[in-house]
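Trainee: There's a structure below that I have some questions on.
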Amino acid sequence: MRFTINVECTPDEARAFFGFPNVAPMQEALMKEMQEQMAANVRGMDPQGLLQMWLPASMQAFEKFQKAFWSQMEKSEK
């Protein structure tokens, strides 16, 4: 014998019925904090600041590569 019971209720009603805690206020607080942290990180990533951070290292590497290339060219001419 089989029988089916359909229950219509909202998630809040189901949570209260089973005795689960309401974590919505905690989730809202955590989401607000995460949003503030992400906004602060995005503000710190302006294009000019990133270029100033990355460019010196890449320019030095390019200069070293260029010097090595020209030294090899000079050796091949001799």
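Taken together, the values in this text are just the output of simple stated rules run on the coordinates, not laboratory data. Keep in mind it's a predicted model, so treat the numbers as computed, not measured. Virtual Cβ from ideal backbone geometry, glycine too; neighbours counted across all protein chains shown.
Trainee: Anything in the stretch 12-60 that is over 17 Å from the mean Cα position of the chain (by Cα), small (Gly, Ala, Ser) and part of a loop (DSSP other than H, G, I, E, B)? List them, or say none.
Mentor: Selection gives GLY19 alone.
Trainee: Tell me which of these GLY19 doesn't satisfy, since it passes every other one: (1) in contact with a helix residue (DSSP H, G or I) (Cβ under 8 Å, 6 or more places away or on another chain); (2) at positive phi.
Mentor: Among (1) in contact with a helix residue (DSSP H, G or I) (Cβ under 8 Å, 6 or more places away or on another chain); (2) at positive phi, GLY19 violates only (1).
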